[in-house]
Amino acid sequence: MPANPSYPDLTNIYNPSRQTSVINNEISIRKEENNNPNTAAWKKFENEFWLEIEKFRSEISFITCEKTIPGTPAEKSKFIWGAGSQRNQQIDCLFIRKNIAFYCGVTKRNEQITAKIEEFKRERDRVKRAGIKDYLSENHSQPDQSIEQIVFIFVSHKNLTDDMKDLLNSYDIPFLEKRHLSYLKSIHKAYGKHHRLAFNNFVKDILRAKVVAGNNIEVPAIQHKYRTLTNGNGHCYSFIVHPSEILDLCSVIHRKSNFDLDKSYQRFVEKSRLDSILSYVNSNKQFANNIILQSHEVKASNFSPATPAAESENHRLINDSTRGYKIGILKLPTFVGTMSIIDGQHRLFGYDGSNSENKHFVNVVLFDKTLGETEQMKLFMDINDTQKALNKNLKWELYENTLEASTDRFKISKFMNKLTRDSNFKLYKKMTLGIPLEEDKEKHVSLTIAGFCDELYITKPYNYNERLFNYLSSKFNNDNRKIEKVINGFLKTFEENCSDDWNLNSNGIILNGSVFRSLLIIMREVLDFWQSNGTFVENTSDLDNINLKFETVLENLYEWINNLEQYQKTKFKEDNKGGSAVKNIAIQFAEKIKDKNGQSDFAIHLRSLGGKDVELVDHLLNILNNCGETDDLEAKLSIYGLDPDVSNRKQTAEKQLKGCNAFF
């Protein structure tokens, strides 16, 4: 007879480091299932979620699996606390990291998700009453530790409504939506083998749960008062600490392309830099500069000042109110990832896995809850702009959160941040952003968001010294949605009429930096052309199909682009470089467009600005020749010569007469 079952029990739970064959078999089966087109969407999502959680393998002591015997039906893990069908609970995914268990319920429903939330809340209460925490502590905890906390997570393959999120928050249940899964994949891709660091961001940025990291850390610290970048007073604290003591407490506010752009500013870490820093600190070298942190969990009550009357050996007061600081003991926050790194992520995270993380000290400046997200971004920009040039693409994306709403750069940044994250945008994955999309961009992409924004922002004679974005705003009543449609419609004409070149990205003509910016000038000239001939209202009445209106004007340009051989495209780009390239290319394009019947008045102002320098020189020479030769003209010719190449003429002049470049 079989032995009497022992209760409680948890089936199909394995240790990834000791039972690798079971885990690897589970991985293979789930991947194979996801490659099957007949697998339901919710099941594919559940598999993807499990596979992403499993990537934390080195941080996880246990994880549940389905029955992984090939050819047999899947059997989910069950928590059983007695005989009978009412005394067990099927579990979609449960994993344990150190002294914390994570209990995940994955919804299969496309509708009635609110009802599923209520059902999951009852499930949580039921297994808690059945003693799952005590069972896990006794059977699946780390040596000399118990399970201190179970985090119940609601996992949905659909994005949740605000009402659903409010309901989950009222039940204190963290949640993970479909859109979070792509961010989780990005975390793993960014951190690589540094699973500990990836886990911090998973807890802090996706779950947003208060997960206890471990022991309480108290450090001697100096408390300073500071005035925030807006109003009011706050405190910051200076102290030294072993990296190992704060690694689990810190996370980076990564900019996430599909959510929370307004609360984040850092890029993902670079694995190569982490590895090089790891080698550096393992050689017993240390960094002298501060790591800058902020935490909403740090309050005045976290700090205990030393006795005011205490004196040091040299008879100076430890706490001197006239100096604006206090010395005491600071209790650090206890939750995973709760301290945000403003500056120094690579210097701190480089200690992950180092043999020096318990030996070395790092210098820390920690700001309290008074320093909000916007102030953190400004401080981040100030630090990075002072130390080194901040990536221009990132600066443009951050302007939305660091400048006044009335400024033009704020408006352009806000507009582009929304546009570039829209998968319907014609340049989606065809442009380098400050913060990359979760999806990989296409190959041969050199177009940048900074270049696009610069052209929207700059004032030049060719655009009547009026910013292109302001021009578009005035034409379309400050309606950004309309401006999006105009830009997308304009781009769509090239995608459809010059598809071969469009698909080449920067290897072609259209999506090459200076050429693309010149096309934005042409877009404005088309709108002006319609305004001048009285067809603007008609041509912009249906913005969803405005590409058809652009096509009627740009036919000659399409034809020219499509007739170019690859070597001609390369030569064109080589011949049109330098500060005036954008204007000169736009003028060349305008000349081709105006040759179509009925378009002789196209871009008159732009074309009047002239093209290459040699055109102006030839024009002046013709005037002077018509007036007869002069000694002055002969002198200039003797200096500059008549070589049609500008650079050759300059070289000739420098040889003939030093300093005469000023006359050119």
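The values are calculated or read from the model by the stated rules, or taken from the named source; none is laboratory data. Here the structure is a predicted model, which means the values were calculated and not measured. Every residue, glycine among them, receives a Cβ derived from its backbone with ideal geometry; neighbour counts consider all protein chains shown. Areas reflect the complete protein model, heavy atoms only, side chains present, ligands, DNA and RNA absent. Shrake-Rupley method; radii C 1.70, N 1.55, O 1.52, S 1.80 Å.
Some values worked out for this structure:
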{"quantity": "Under 28 Å from the Cα of Lys225 - lysines, other chains or at least 8 residues apart", "calculated": "Lys204, Lys210, Lys263, Lys299, Lys326, Lys331, Lys369, Lys378, Lys388"}
{"quantity": "Protein accessible area in segment 522-570, 1.4 Å probe - carbon and sulfur %", "calculated": "46"}
{"quantity": "With every protein chain in place, segment 393-443: carbon and sulfur % of accessible area (1.4 Å)", "calculated": "45"}
{"quantity": "Inter-label distance, nm, simple model (7 Å from Cα along the C-beta direction), Asn562/Glu148", "calculated": "6.8"}
{"quantity": "Estimated inter-spin distance, Ser58 and Tyr7, nm [label 7 Å along Cα→Cβ]", "calculated": "4.2"}
{"quantity": "Candidates per chymotrypsin sites (Phe, Trp or Tyr not before Pro) in segment 156-232, loop by DSSP, up to 10 other Cβ within 10 Å", "calculated": "none"}
{"quantity": "Approximate spin-label separation Glu119-Leu609, in nm, with each point projected 7 Å along Cα-to-Cβ", "calculated": "6.4"}
{"quantity": "Relative contact order [Cα under 8 Å, 6+ residues apart], segment 562-613, whole percent", "calculated": "30"}
{"quantity": "Chain lengthening between Arg109 and His444 when straightened (0.36 nm per residue, less Cα-Cα)", "calculated": "116.5 nm"}
{"quantity": "Share of carbon and sulfur in the accessible heavy-atom surface of segment 480-521 [1.4 Å probe, %]", "calculated": "34"}
{"quantity": "Too-long pairs where the Cα-Cα distance tops 25 Å, listed order kept, from Lys76/Lys116; Lys414/Lys569; Lys55/Lys395", "calculated": "Lys414/Lys569; Lys55/Lys395"}
{"quantity": "Among the listed pairs Lys411/Lys482; Lys44/Lys121; Lys44/Lys133; Lys460/Lys577; Lys189/Lys441, those beyond 19 Å (Cα-Cα)", "calculated": "Lys44/Lys121; Lys44/Lys133"}
{"quantity": "Fraction of antiparallel bridges per DSSP, segment 82-222 only, in percent to nearest 5", "calculated": "35"}
{"quantity": "Segment 51-199: relative contact order as a whole-number percent, Cα under 8 Å and 6+ apart", "calculated": "23"}
{"quantity": "Accessible area in square angstrom per residue, segment 394-512, 1.4 angstrom probe", "calculated": "41"}
{"quantity": "For segment 13-162: accessible area per residue (Å², 1.4 Å)", "calculated": "48"}
